[in-house]
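Q: Questions regarding the structure given below will be posed in turn.
The values are calculated or read from the model by the stated rules, or taken from the named source; none is laboratory data. Values in this document were obtained by computation on a predicted structure and should not be read as measured data. Positions of Cβ are backbone-derived with ideal geometry, glycine not excepted, and every protein chain shown enters the neighbour counts. Protein only, heavy atoms only, side chains kept; ligands, DNA and RNA dropped before computing areas. Shrake-Rupley method; radii C 1.70, N 1.55, O 1.52, S 1.80 Å.
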Amino acid sequence: MRKSNLYWSITDGWTMSQRSLKHIFREPESLLMAIGLPVAIMVMFVYIFGGAIQTGTDYVNYVVPGVIITCAGFGSSLIAISVTQDMVGGLFERLRSMPLLPSSLMIGHVTGGFIRNVIATTVIFLVALLIGFQPNAGFLDWLGVIGLLSLFMLSLNWLFVAIGLIMKSVETANAATFPMLFLPYISSAFVPTETMPVWLQAFADNQPMTPLIETLRGLLIGTPIDNNGWLTIFWFGSLLIISFIISGAIFKRRKKE
Amino acid sequence: MKDSIISVHYLKKAYGEHIVLDGLNFEVERGSIFALLGENGAGKTTTVRILSTLIQADSGTATIAGYDTHHESDFVKQNISLTGQYASVDELLTGEENLMMMGRLNHLDRKLVKKRTAELLEQFELTKAAKKQVKTYSGGMRRRIDIAISLLASPQVIFLDEPTTGLDPRSRRKMWSMIQQLAKNGVTIFLTTQYLEEADQLADKIAVIDNGRIVEEGTAEELKNMIGDENLELTFADFRAFQHAIKLIHGLVNEKEQRITIRTGSIESLRRLLNTLYEHEIEPSSVNFQKPTLDDVFMDITSRNTKELSANA
């Protein structure tokens, strides 16, 4: 009984995803890191800096989208470490010597990472509601939020798969996660970009995080979105496609080594 | 006619200027244990990687069970399994989960995966540790679960790349008996090792690899006979006696230590040798018997190899 390639890539992808899922709960440190850190940041910003930051709305409402993407970005970046681990350890080699599509390894990491993102994001939403977050989003707005966040997470997950494939050691893969921790700070995530020096504002306004955050904020609490929605789809849609293609290419090249 | 399951012809592989395999030739008989013996960097792992379809040779051919490792790699993969130098197990999963996962990835159906998992845990004495995370396993247990995984799909050939490197002596012996058990069940085992003793204990046939070439091939017995069972080391305290002895007996001379190492042949030749020294009134300060080590085999085989090369040039 021979089943099609498609059948096996889905089955194998799912087997690998189950593995990544188990990892989430076997490695509570990284889940704690992925949830605890953003929650701490949110609480800190809301209760310590929030009072001093003028955003024209309750600061907690302003800051939630930023915290969510910081959290998701950091969570995704952890994928790079586990991918590198599989590459430098023997797992990747073994899979390649077996009659299956080794790309299921990547699919497993992306899916597992995505589920971790969903868990972390849900926790953050709940904590945000507890400390006074009041979204006024309708059903369609929520769909938009879910759609954009999924696009964002998937594109980052593939990006970090690519980074994980390039890195030669777990330590360097670890270093690759740092930019993701800091990039949201140089955007409109925590403070309005107008308060930044001109040169930094130019960067903050034009990096992909800002339109994403502006769009999420618009959907959640009704601030103006303008063309940020399309910009977000353009940025992260491109990132998704490019990361996906690059991962595939690097994966093929590493197979020949 | 012998029944070869692995045939390797003129295999070559280079990374840039660096030649790793320089025309490798050998055959492995079905159901046997074959050991590729060599130092680090001799080309052992590269050979395993080519045979297990991970990389492609620059030229030459390798077939496994009649399938070409490059052009028919999918068929080759269905007949082999690879256990690399570093345990390729998932540390966070339990031993049982590792087996179940790899069983699924081997496209065995669920029932069979369960059955094989239980069997293999039993066979490798891991039933007690089945529900524990692999990160809590000892080095020996890790290797065992690793090999258990490679047996899931009941392959015809299994590749073991340095299966006992880094293991303590007791785990090493245990691993040896497990490998022997596997061979009894009819699996062909291709193992690489840097230990002569390991090849000696396990292999039906040993190929010595050096600088990407098979420099010698044979049973453990044949290889050892080539350099004698034991070496006799004669050390001389007196420099003049040492100089005199060099002229009388043929052996490997170590000027600094004033030592001559001689291959012991028959008892008769040994008696004659000692008689010669006695007749010339030369008294060695110490006489030592030494078992040949891998070093000796290498020294012997590779030095001969170099000589042959220069003779051919």
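Q: Taking region B:37-63 as the region of interest, how many residues are under 22 Å from B:V208 (Cβ atoms), buried (at least 19 other Cβ atoms within 10 Å of the Cβ) and not polar (S, T, N, Q)?
A: Residues flagged as under 22 Å from B:V208 (Cβ atoms), buried (at least 19 other Cβ atoms within 10 Å of the Cβ) and not polar (S, T, N, Q) within region B:37-63 amount to 11.
Q: Let me ask something else about it. What tally of residues in region A:171-216 results from selecting those that are open to solvent by 50 Å² or more (accessible area, probe 1.4 Å) and over 28 Å from A:S30 (Cβ atoms)?
A: Count: 9.
Q: Checking the structure you have, find out if any residue of region A:123-144 is away from every other protein chain (no Cβ under 14 Å), without any contact (Cβ under 8 Å) to a residue 12 or more places away in the chain and of a type in the set (F, W, Y).
A: yes
Q: Here's another thing I want to ask about it. Which members of region B:58-89 meet the condition of being assigned to a loop (DSSP other than H, G, I, E, B), aliphatic (A, V, I, L, M) and within 12 Å of chain A (Cβ to nearest Cβ)?
A: Correct list: B:A87, B:V89.
Q: Return yes or no: is B:R173 assigned to a helix (DSSP H, G or I), surrounded by 15 or more Cβ atoms within 10 Å (Cβ to Cβ), at pLDDT 90 or above and of a type outside the set (A, V, I, L, M)?
A: no
Q: Looking only at region A:6-35, count how many residues are assigned to a helix (DSSP H, G or I), at the interface with another protein chain (Cβ under 9 Å from one of its Cβ atoms) and open to solvent by less than 70 Å² (accessible area, probe 1.4 Å).
A: 8
Q: So, one more: Considering each residue of region A:45-64, count those that are in contact with a Gly (Cβ under 9 Å, 6 or more places away or on another chain) and part of a helix (DSSP H, G or I), and give that number.
A: Qualifying residue count for the region: 7.
Q: Can you name the number of the only condition in (1) touching a His at 6+ places or on another chain (Cβ under 8 Å); (2) assigned to a helix (DSSP H, G or I) that A:P99 fails?
A: (2)
Q: Tally up the residues in region B:107-131 that are more than 30 Å from the chain's Cα centre (by Cα) and open to solvent by 70 Å² or more (accessible area, probe 1.4 Å), please.
A: Total meeting the criteria: 7.
Q: All but one of (1) at pLDDT 85 or above; (2) outside any loop (DSSP other than H, G, I, E, B) hold for B:A237; state the number of the condition that does not hold.
A: (2)
Q: For residues in region B:101-114 being of a type outside the set (D, E, K, R), in a helix (DSSP H, G or I) and at the interface with chain A (Cβ under 9 Å from one of its Cβ atoms), which is farthest from B:I80 (Cα to Cα)?
A: Ranking the qualifying residues of region B:101-114, first place goes to B:M101.
Q: Any idea which of A:L165, A:L105, A:L154 is within 14 Å of chain B (Cβ to nearest Cβ), under 24 Å from A:E29 (Cα atoms) and assigned to a helix (DSSP H, G or I)?
A: Unique residue meeting the criteria: A:L105.
Q: Name the residue that is farthest from A:E27 (Cα to Cα), counting only residues in region B:135-152 that are within 14 Å of chain A (Cβ to nearest Cβ), surrounded by fewer than 22 Cβ atoms within 10 Å (Cβ to Cβ) and over 21 Å from the mean Cα position of the chain (by Cα).
A: Only one residue fits best here, namely B:T136.
Q: Can you find a residue in region A:70-93 that is among the charged types (D, E, K, R), surrounded by 20 or more Cβ atoms within 10 Å (Cβ to Cβ), touching a strand residue (DSSP E or B) at 6+ places or on another chain (Cβ under 9 Å) and within 14 Å of chain B (Cβ to nearest Cβ)?
A: yes
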